[in-house]
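As structure tokens, the structure follows; a few thoughts come after it.
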Amino acid sequence: MTPIEITRGSSPVILGLPHTGTNVPDDIAARLNDEGRKLRDTDWHIHTLYEGLLPGATTVRATFHRYVIDANRDPSGASLYPGQTTTGLIPEIDFDANPIWTAGREPDAAETARRVALFHRPYHEALEAEIARVKALHGVAVLYDCHSIRPVIPYLFDGVLPDFNVGTDNGATCDPRIEAATIDLCRAAEGYSSVLNGRFRGGWTTRQYGRPADGVHAIQMELTQSTHLGDDFAYDEARATRLRPHLSVILKAIETIAFDLAGARP
């Protein structure tokens, strides 16, 4: 199994896809229980949703499932949201609080370290390399981290999640023009709801790489799956067709700002 798929482009924008993979090696799959094998917490079809929306964009996609190891978590195991309910580097439970591992076969510290080396680290080495390459081309790079989630998950949050959840760690991870353009376009999208730095303000990837002063900007987009999926996580062509133009406009606006930022750099 190749843990990462990379498509290199010439745009200053990089799409990160840490949670669309469904590959689980046999030795790890054997540890999962029946609930875990459903892989329900996948960011289903997000790579298909974004395909072709920004010609020239680089994509870095993890092909392994987040139950193998979560590429959007701190490899040290530190929580993204201290004091709030969340899942860890190797989740013990799914988003509905159901155990996903066979009793007695939960990953231990040694197994976690092995998976960091085999999956988590290679994904981030690939992402770092593409950020460096794109920055060398333009003087700036923008990482747009692509995510999705079910709109109702009582274990993680109350009520119904907005359709567009934009995260910049409260403005720390990107130039304010990128943040403003993104959320303004989300708010202008008729029939969709949105929030900036709400329940999801950017995962470890966004916070790790977003260093505006160094010319690297990062922003996370968490879409609710009702915007592009139907029953049983099937890709809904009609819903996706309605959503894709809005995402395209957002990505093109970010790219334009990135080029402006590149021109402003000495």
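Per-structure values
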quantity	calculated
Where labels lie 7 Å past Cα in the beta-carbon direction, separation of K38 and S226 in nm	1.9
Segment R244-A132, extension gain: residue separation times 0.36 nm, minus the distance between their alpha carbons	37.5 nm
Largest to smallest principal axis extent of the C-alpha atoms in the chain, angstrom	56, 39, 34
Residue exposure sequence - S194, S76 - by fewest surrounding Cβ within 10 Å	S76, S194
Label point at A97 placed 7 Å out along Cα→Cβ; residues across the range 156-183 whose backbone nitrogen lies under 20 Å	156-161
Cα centroid of the range 35-71 to Cα centroid of the range 93-124, whole Å	17
Gain in span if fully extended, D158 to R8, counting 0.36 nm per residue against the direct Cα distance	50.1 nm
Gain in span if fully extended, A29 to A78, counting 0.36 nm per residue against the direct Cα distance	15.1 nm
Around K38: net Lys/Arg minus Asp/Glu count, Cβ-Cβ under 11 Å	-4
Stokes-Einstein D in µm²/s, Kirkwood radius over Cα pairs - the range 1-138 at 25 °C with 0.890 mPa s viscosity	154
5 angstrom amide H check on S11, placed H, neighbours 5+ away	A57, T58
Note, ³J(HN,Hα) from phi for the range 55-64, Karplus 6.51, -1.76, 1.60, rounded to Hz, x at Gly and Pro	x, x, 6, 7, 10, 10, 10, 7, 8, 7
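Each reported figure results from applying straightforward, stated rules to the coordinates on display, with no laboratory input. The shown structure was predicted, so the numbers you read here are calculated from the model rather than taken from an experiment. Note that we place each Cβ from the backbone using ideal geometry, even for glycine, and neighbour counts take in every protein chain shown.
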